[in-house]
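Peer 1: Quick one: the structure is below, and I'll ask about it shortly.
The values are calculated or read from the model by the stated rules, or taken from the named source; none is laboratory data. None of these values were measured; they are calculated from a predicted model. Quick reminder, even Gly has a Cβ in these numbers, built from the backbone with ideal geometry, and neighbours come from all protein chains shown. The accessibility values were calculated without ligands, DNA or RNA, using every heavy atom of the protein model including side chains. Shrake-Rupley method; radii C 1.70, N 1.55, O 1.52, S 1.80 Å.
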Amino acid sequence: MPVNPELVGREFPPTPPYLVGREKVREFARAVFATDAQHLDPEAARALGYADVVAPPTFAMVVQDLTLQQLLAEPDSGIALERTVHAEQRFRYSRPIVAGDELTARLQVTGVRPFGKGAMVTSEAEISDGAGDHVVTAVSVLLIGGEE
């Protein structure tokens, strides 16, 4: 089944709240070689005015992944994981993610563009904190290969 062009404009329900943990931030920082003290040491982060360790910018992908799982689970999407490549990623931040944040994300598919035998699917995940304030918009482009 080809990628469903009617995905454009589809919105998904908010994800359950994700509590950003200090150790998760530290693990992620080590995995992406983010060695600045603000990512690892709460005192260094506090000296910069943050309540706790600051997540590296790409950490938002952890929360966005919850929304992409919703998209991949859509029975009429035409998206097959085995033919999917994560082609592009962008972030628009209002403020950094900090340990202790409780984040919720809401995904909207903003584009489906034919690409060879497949398609490129663009989506935006609006990620907000427990007060409902915007933290980051994560924009993702998935390249879906066509069937053989």
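Peer 1: Return the residues of the range 40-52 that are open to solvent by 10 Å² or more (accessible area, probe 1.4 Å) and part of a helix (DSSP H, G or I); say none if nothing qualifies.
Peer 2: Listed by number, the residues that qualify are Pro42, Glu43, Ala44, Arg46, Ala47.
Peer 1: Does Val63 count as surrounded by 18 or more Cβ atoms within 10 Å (Cβ to Cβ), modelled with pLDDT of 95 or more and under 12 Å from Ala125 (Cα atoms)?
Peer 2: For Val63, the condition - surrounded by 18 or more Cβ atoms within 10 Å (Cβ to Cβ), modelled with pLDDT of 95 or more and under 12 Å from Ala125 (Cα atoms) - is met.
Peer 1: From the set of residues in the range 1-15 that are outside any helix (DSSP H, G or I) and among the charged types (D, E, K, R), which is surrounded by the fewest Cβ atoms within 10 Å (Cβ to Cβ)?
Peer 2: Per the criteria, the residue is Glu11.
Peer 1: Quick one: in the range 16-35, which of the residues that are in contact (Cβ under 8 Å) with a residue 12 or more places away in the chain and over 17 Å from the mean Cα position of the chain (by Cα) is most open to solvent (accessible area, probe 1.4 Å)?
Peer 2: Taking the range 16-35 and keeping what is in contact (Cβ under 8 Å) with a residue 12 or more places away in the chain, we get 16-22, 24-26, 28-29, 32, 34.
Narrowing further to those that are over 17 Å from the mean Cα position of the chain (by Cα): 22, 26, 34.
Details: Arg22: 87, Arg26: 50, Ala34: 20 Å².
Out of the qualifying residues, it is Arg22.
Peer 1: Can you find even one residue in the range 135-144 that is outside any strand (DSSP E or B), open to solvent by 10 Å² or more (accessible area, probe 1.4 Å) and touching a Ser or Thr at 6+ places or on another chain (Cβ under 8 Å)?
Peer 2: no
Peer 1: Checking Arg106 against (1) open to solvent by less than 20 Å² (accessible area, probe 1.4 Å); (2) touching a residue at least 60 places away in the same chain (Cβ under 8 Å), which test does it fail?
Peer 2: Evaluating Arg106 over (1) open to solvent by less than 20 Å² (accessible area, probe 1.4 Å); (2) touching a residue at least 60 places away in the same chain (Cβ under 8 Å) leaves (1) as the failure.
Peer 1: Now for a separate question. From the list Pro114, Pro75, Pro96, which one is open to solvent by 70 Å² or more (accessible area, probe 1.4 Å), part of a loop (DSSP other than H, G, I, E, B) and either under 24 Å from Gly21 (Cβ atoms) or out of contact with any Cys (no Cβ under 9 Å at 6 or more places or on another chain) (or both)? Steps first, answer last, please.
Peer 2: On the way: Pro114 fails: part of a loop (DSSP other than H, G, I, E, B); Pro96 fails: open to solvent by 70 Å² or more (accessible area, probe 1.4 Å).
Exactly one residue qualifies, and that residue is Pro75.
Peer 1: Could you list, ordered by first residue, the pairs with Cβ atoms under 9 Å in which the first is in the range 120-137 and under 10 Å from Arg92 (Cα atoms) and of a type in the set (S, T, N, Q) and the second is open to solvent by 70 Å² or more (accessible area, probe 1.4 Å) and at pLDDT 95 or above, at least 6 apart or interchain?
Peer 2: Within 9 Å, the pairs are Thr137/Arg90; Thr137/Arg92; Thr137/Tyr93; Thr137/Ser94; Thr137/Glu126.
Peer 1: For Ala55, are the conditions met, namely being open to solvent by 20 Å² or more (accessible area, probe 1.4 Å) and either of a type outside the set (D, E, K, R) or free of Cβ contacts under 8 Å to residues at least 12 places away in the same chain (or both)?
Peer 2: On the way: open to solvent by 20 Å² or more (accessible area, probe 1.4 Å): no; either of a type outside the set (D, E, K, R) or free of Cβ contacts under 8 Å to residues at least 12 places away in the same chain (or both): yes.
In short, no.
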